[in-house]
């Protein structure tokens, strides 16, 4: 559900009053949104009366509850607290991430979102609520960050985590516009997942990015076709690679087929590959039969050519990047998730943290 700028303040007041009403001894006075006599200009200034005395609640409202905006709100509140006596600060947004909540707590600031998740602690008042579903989350943010062209940028960043990028260089590597880079950069900055350096910016929280991406990814965004072959898995993969190489077809082994070449501990009974397209000749030459169950080969016709970023030749076949292979495996419940974890532990983590030992296959 998207909340317009026009009713953001109304929703904020509603959420605040609902939260404070849980405390029977609090008497809520005026709720002001104009400049106070001390010269401060918080979004809301709430006067409270209770047995121990009076309290002024300083409320900063943001349309986005990501960490960067939480820090901005906290800094504003701390400045206002110096001007307004007997005050307590609250950061309020449609939805507040767990990291943003921790930022507030560390500075002695409360927080509250429109779903009712909150932390308020002042004098004899303590209110904490977590785990409520995000009914007001801004879906546009996720659609923008995990759209096909934005994902091209994420693949480049995650596969080159130690590199600092200039906007123009990243746009060229990801084959997207400068505007797309700026859009992705802003959303990553809001989450505090990148850091600025003199020579550009670089990813600093790759694991957090990959985790959120996998929650918003499904291999079924591709066109998926299942086949059965009487041949063994190794022969299916070899024949597919040979056919594609001879006919100049763009392809990449992914899923179990890709993971097993990077992390030999992966065991599997189904070959998987990206293929730009397939035709009757390929089906005939490889002696394949389309099936709806019991397949031992799955072909993905990609939803975007970005899935081919970072191709490499290994053991006589082209494989997708470790990040792409990981995402595809995570979509398969059970063994796919197990294989993805092996790949992450043995291949991806050593790339991200240089002090780790990188497998020989890499």
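Numbers below:
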| read-out | value |
| --- | --- |
| Beta bridges by DSSP in the chain, antiparallel share as percent, to the nearest 5 | 70 |
| Separation of the residue 230 and residue 141 label points, Cα + 7 Å toward Cβ, nm | 5.7 |
| Relative contact order of the stretch 5-129, pairs being alpha-carbon contacts under 8 Å that are 6 or more residues apart, as % | 20 |
| Candidates 106, 129, 269: whichever shows maximal mean-square fluctuation once the chain is modelled as a Gaussian network with Cα springs under 10 Å | 106 |
| Percent antiparallel among DSSP beta bridges (both partners in the stretch 5-129, rounded to 5) | 60 |
| Highest to lowest packing among 252-260, 86-94, 152-160, 310-318, scored as the average C-beta count within 10 Å | 252-260, 86-94, 152-160, 310-318 |
| Inter-centroid distance (Cα atoms) of the stretch 276-303 relative to the stretch 63-130, Å | 54 |
| Residue 341 paired with residue 129, simple spin-label distance in nm, labels 7 Å along Cα-to-beta-carbon | 3.4 |
| Contour minus Cα-Cα distance for residue 312 and residue 269 (0.36 nm per residue) | 13.2 nm |
| Value of [θ]222 nm, deg cm²/dmol, for the chain, DSSP H segments ≥ 4, -39500 (n - 2.57) each, nearest 500 | -11500 deg cm²/dmol |
| Folded to 0 to 90 degrees: helix 233-246 orientation relative to the chain principal axis, Cα | 80 |
| Contour excess over end-to-end distance, with Cα ends at residue 281 and residue 7 and 0.36 nm allotted per residue | 92.7 nm |
| The stretch 218-362 - share of DSSP beta bridges that are antiparallel (%, nearest 5) | 70 |
| Relative packing of peptides 219-225, 170-176 - highest average C-beta neighbours within 10 Å first | 170-176, 219-225 |
| Helix 67-83 vs. the chain, principal-axis angle (Cα, 0 to 90°, nearest 10) | 10 |
| Between 0 and 90°, nearest 10: helix 5-20 axis offset from the chain longest Cα axis | 70 |
| Separation of the residue 106 and residue 71 label points, Cα + 7 Å toward Cβ, nm | 0.9 |
| Potential lengthening between residue 186 and residue 199 on full extension [0.36 nm per residue; Cα-Cα distance subtracted] | 2.9 nm |
| Taking the stretch 139-215 and dividing mean pair separation by its residue count, relative contact order in percent (alpha carbons under 8 Å, at least six apart) | 32 |
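None of the figures in this text is laboratory data; all of them are computed from the coordinates on show. Quick caveat: nothing in here was measured; it's all calculated off a predicted structure. Here the Cβ is made from the backbone with ideal geometry for all residues, glycine too, and neighbour counts use every protein chain on show.
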